[in-house]
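Everything on this sheet refers to the single structure shown next.
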Amino acid sequence: MYFTSERRLDGDVLEREFILGEIPGILWTPGSASTSKSATATDSGSAPAPAPLILLGHPPLGLRKMYPRLVDRARHFAAEGFATATIELPGSGDRPRRPAAERACADLRRAMEAGEPVTDQIVDALVLPLVDEAVPEWRTALDALLSLPEIGGPVGYSGGVISIGIRLAVVEPRIVAAGLFAGSLVPRAMFEEARQVTVPLHVLLQWDDERNDRQAALDLFDAFGSREKTLHANMGGHTGVPRFAGDDAARFFGRHLK
């Protein structure tokens, strides 16, 4: 892992792009986190503490396209003292194409445009290989990020693809809380994995989401095995998430990561 660029954003947030093997990513750290192994003591005599980390999930549309929404979330979390990071998903951005996934995507578009049901076969072909490839990469990124002096545990996961969040919550013990964005393109096999999730959950659902089936999202929420799970449902479509939803998520992670 090595950094390829560095700049300061408003609010004293440090944004650094990195390459991990062949995987691009971005790390945002709040001004309260030291980036030096020999942190300078403050006036009170204590050195800046490492920041808790939140992994920012996103759909496989490419970091360039998703950047405005990702940096907005990163700034919001930085204001609460959290570091955040994201990586380019397999087949997205400038990464090598995934022909099978592109065929599944085309099948999905055809079904939706024709008003036909989206079959389990389409969903499985679209989502399961992505989960199988992306989750090990997220775990490798987590290894590298936690080796930095300014980053500490515990770790949270926030966002989509919800199936990636489910798998990470099951297999990665360093993730102690997850804020998931509800979506209905979830393979049936992931419902069984959802029953194995035990970390606290904060699930965001847009009630009138034109891209997702509300009942499927509710069924998945019901399947989660976590003793602490909260569903936050807001009126509005897919892109109509209210600003205060970010405040709710920050309070959730504040309870579990600090």
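Considering ALA114, ALA106, ALA100, the condition of being touching a helix residue (DSSP H, G or I) at 6+ places or on another chain (Cβ under 7 Å), surrounded by fewer than 17 Cβ atoms within 10 Å (Cβ to Cβ) and over 21 Å from LEU145 (Cβ atoms) is satisfied by ALA100 alone. Number of residues in segment 153-194 that are touching a residue at least 40 places away in the same chain (Cβ under 8 Å), outside any loop (DSSP other than H, G, I, E, B), surrounded by fewer than 24 Cβ atoms within 10 Å (Cβ to Cβ) and of a type outside the set (A, V, I, L, M, F, W, C): the value is 3.
Quick one: would you say VAL197 is of a type in the set (A, V, I, L, M), assigned to a strand (DSSP E or B) and within 23 Å of ASP248 (Cα to Cα)? It is false that VAL197 is of a type in the set (A, V, I, L, M), assigned to a strand (DSSP E or B) and within 23 Å of ASP248 (Cα to Cα). Among the residues of segment 200-219, the one identified as in a helix (DSSP H, G or I) and surrounded by 22 or more Cβ atoms within 10 Å (Cβ to Cβ) is ALA217.
Coordinate-derived values only; no laboratory data. Remember, predicted model here, so these are calculated numbers, not experimental data. Note that each Cβ is placed from the backbone with ideal geometry, even for glycine, and that neighbours are counted across all protein chains shown.
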